[in-house]
Amino acid sequence: MNFRSLLNFDKMITPVIIKILFYIGIALAVIGGIVILFGGIVSAFQQNSVGPAIGGLLGGPLVAVLGILMARVYSELLIVVFEIHQNLVEIKNKMVDSK
């Protein structure tokens, strides 16, 4: 990949950025799940109640799993757009070459 292809938008760099954002989304989902898990446990000790602990034990892993799933789905949807673009460019180039 050379600088000229970047300036002419012949090669897309956004799919690489989407993958990086996907990994950041995974990290945030896991951190959010851990925060909710331990937050529920700490709240249970502060309030002398079992409810927040159960909420944290159920909500923490749920947030982590659903967060990872949503990050994956969103990333795949964005990458599909760029795959379509890449395929259309290939079709266009083949049509130009065949003339």
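Throughout, read-outs are computed from the coordinates displayed, never taken from laboratory work. Note that the structure is predicted; figures quoted are calculated from it, not measured. Heads up, the Cβs are rebuilt from the backbone with ideal geometry, glycines too, and the neighbour counts pull from every protein chain shown.
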* Answer residue from region 37-82, given it is in contact (Cβ under 8 Å) with a residue 40 or more places away in the chain and either under 16 Å from Pro15 (Cα atoms) or assigned to a loop (DSSP other than H, G, I, E, B) (or both) and is farthest from the chain's Cα centre (by Cα) among those -> Phe82
* Structure fact -> Within region 1-27, the residues that are under 12 Å from the mean Cα position of the chain (by Cα) and touching a residue at least 40 places away in the same chain (Cβ under 8 Å) are Pro15, Ile18, Lys19, Leu21, Phe22, Gly25, Ile26
* Asked: Do you know which residues across region 1-46 are loosely packed, with under 14 Cβ neighbours inside 10 Å and of a type in the set (Gly, Ala, Ser)?
  -> Ser5, Ala27
